[in-house]
């Protein structure tokens with residue numbers, strides 16, 4: 001089923017707590033990615049530090065997890081959105097297997113280390129992928 005999270009949503013504290021609990025219990029699964037990206041978008045759109053971080057940074061990221069549905073994250077004019085399905089022309093494509101994806105999104109695996117080991121393939125400008133990693137870290141800090 002296709003899904004999309006728009007920039008107008010407020011932070012759903014209950015959903016945030018459920019996602020954080022799954023991360024802390026190390027039970028985050030691919031079936032949780034819609035919830036994860038919903039919380040990611042909500043936090044990113046309502047946190048001043050994250051908004052400041054993306055000033056002038058308009059990019060779209062397509063996340064390809066081997067054998068799983070494609071999802072994406074977009075930042076345009078400081079507004080975050082996410083959804084399922086392929087983007088027509090993403091700025092960055094991140095390709096990985098399920099274990100790496102779950103490790104990166106839960107914060108238990110450093111994306112830079114995964115890239116250096118060849119477990120994360122980046123198609124696009126590497127500095128933009130590093131900025132995505134920084135955004136993941138900021139959102140994780142806000143969840144805690």
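Nothing in this text is a laboratory measurement; each read-out follows from the coordinates by a stated rule. Keep in mind the model is a prediction, meaning the values are calculated, not measured. Note that we place each Cβ from the backbone using ideal geometry, even for glycine, and neighbour counts take in every protein chain shown.
Please label the shape of the range 28-78 as rounded, prolate or oblate, based on the square roots a ≥ b ≥ c of the eigenvalues of the alpha-carbon gyration tensor (a/c under 1.5 means rounded; beyond that, a/b larger than b/c means prolate, else oblate). Note, shape of the range 28-78 comes out oblate. Calculated [222 nm] ellipticity per residue, helices only, for the chain: -13500 deg cm²/dmol; basis is -39500 (n - 2.57) per DSSP H run with n ≥ 4, divided by all residues, nearest 500.
In terms of its C-alpha gyration tensor, the chain comes out rounded, because the ratio a/c of the largest to the smallest axis stays below 1.5.
Each of 115, 36 has some number of other Cβ atoms within 10 Å of its Cβ, and from fewest to most they run 115, 36. In plain terms, the residue of 15, 73 with the fewest other Cβ atoms within 10 Å comes first and the most crowded comes last, giving 15, 73. Among 125, 11, the order by Cβ neighbours within 10 angstrom, fewest to most, reads 125, 11. Placing pseudo-labels 7 Å out from each Cα toward the beta carbon at residue 47 and residue 137 gives an inter-label distance of 1.3 nm.
With R₀ set to 35 Å, the beta-carbon distance separating residue 57 from residue 31 gives a calculated FRET efficiency near 0.70. Across the range 1-130, Cα pairs under 8 Å and at least six residues apart give a relative contact order of 23 percent.
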